[in-house]
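The structure appears right after this line, and notes come after that.
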Amino acid sequence: MAIFISPSNFNAGVFRLAQDKYSSDDIQTFIDKYEPFYLRRILGDKLYTEFVADLTGTVPNHPKYVALLNGATYTNSDGKFVIYDGLIESVKYFIWTEYVRRSNYINTIAGTVENQNENSTTITRGLISQLCRDAWNTGVPLA
C-alpha cells in the first residue's frame, strides 16, 4: 500500500499524467505496487523495515528519516555541501516510468490492445522508451 505518494503527485510538471475517474484507480494501483518496491530496493530490507517502523501514519518520527524522505541539505564526510532531494522525488520518477511504459496498451475483454485515437497520433514505442529512460536516469542519482 502506498504511504507517501498519491495520484495528485502526477498532476503537474514532468510527472503530469492524464487523469480522469477511470485512470486515477490505475495510477493508484501502480503507486501501491511500486512505492514499497522501490523504497525497499533503494534502502535495502533492513533500513526499509526500520524506516517503516518509525512511521506514525505517513510521518516519520526520527529527524534522519524525515530528511531521508523529504530531502535535506548537509555537509558530507568529505566536507562538501550537498542538497538531497529526498526519496519521494526519486520514487516519483520510477513510478511515472512504470506507468508510462505500460500506458500504450489497454486490457479489454478481447485481450490487450494498443491505444488508438481518431483525433490524435499515438507516440511511437521508441519515443515512449526514450521518455522512460530519461525519467529513470533522472531518478537514479536522486535515489
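The values are calculated or read from the model by the stated rules, or taken from the named source; none is laboratory data. Small disclaimer: the values here were computed from a predicted structure and weren't measured. In this analysis, Cβ positions are derived from the backbone assuming ideal geometry, glycine residues included, and neighbour counts consider all displayed protein chains. The area values use the complete protein model at the heavy-atom level, side chains included, leaving out ligands, DNA and RNA. Shrake-Rupley method; radii C 1.70, N 1.55, O 1.52, S 1.80 Å.
In the stretch 18-32, the residues that are under 17 Å from Arg101 (Cα atoms) and at pLDDT 80 or above never reach a residue that is outside any loop (DSSP other than H, G, I, E, B) and open to solvent by 80 Å² or more (accessible area, probe 1.4 Å) with C-beta atoms less than 8 angstrom apart, at least six apart or across chains. Is it the case, given these coordinates, that Thr108 is β-branched (Val, Ile, Thr), exposed (fewer than 15 other Cβ atoms within 10 Å of the Cβ), closer than 23 Å to Gly13 by Cα and at pLDDT below 90? No: the conditions fail for Thr108. If the condition is being surrounded by fewer than 21 Cβ atoms within 10 Å (Cβ to Cβ) and hydrophobic (A, V, I, L, M, F, W, C), then the stretch 78-102 contributes Phe81, Val82, Ile83, Ile88, Val100.
Would you check which residues across the stretch 7-29 are open to solvent by 40 Å² or more (accessible area, probe 1.4 Å) and in a helix (DSSP H, G or I) and list them? Those that are open to solvent by 40 Å² or more (accessible area, probe 1.4 Å) and in a helix (DSSP H, G or I): Ser8, Asn9, Gly13, Val14, Asp25, Asp26, Gln28, Thr29. Of the residues making up the stretch 54-77, those that are open to solvent by 70 Å² or more (accessible area, probe 1.4 Å) and closer than 19 Å to Pro141 by Cα are Asn70, Thr73, Tyr74, Thr75, Ser77. Looking only at the stretch 47-87, residues that are farther than 20 Å from Pro36 by Cβ and in contact (Cβ under 8 Å) with a residue 60 or more places away in the chain come to 0 in all.
If the condition is being closer than 22 Å to Pro60 by Cβ and not in a loop (DSSP other than H, G, I, E, B), then the stretch 76-92 contributes Val82, Ile83, Tyr84, Leu87, Ile88, Glu89, Ser90, Val91, Lys92. On the basis of being over 18 Å from Val140 (Cα atoms), in a helix (DSSP H, G or I) and in contact with a Lys or Arg (Cβ under 9 Å, 6 or more places away or on another chain), does Phe51 make the cut? The answer is no for Phe51.
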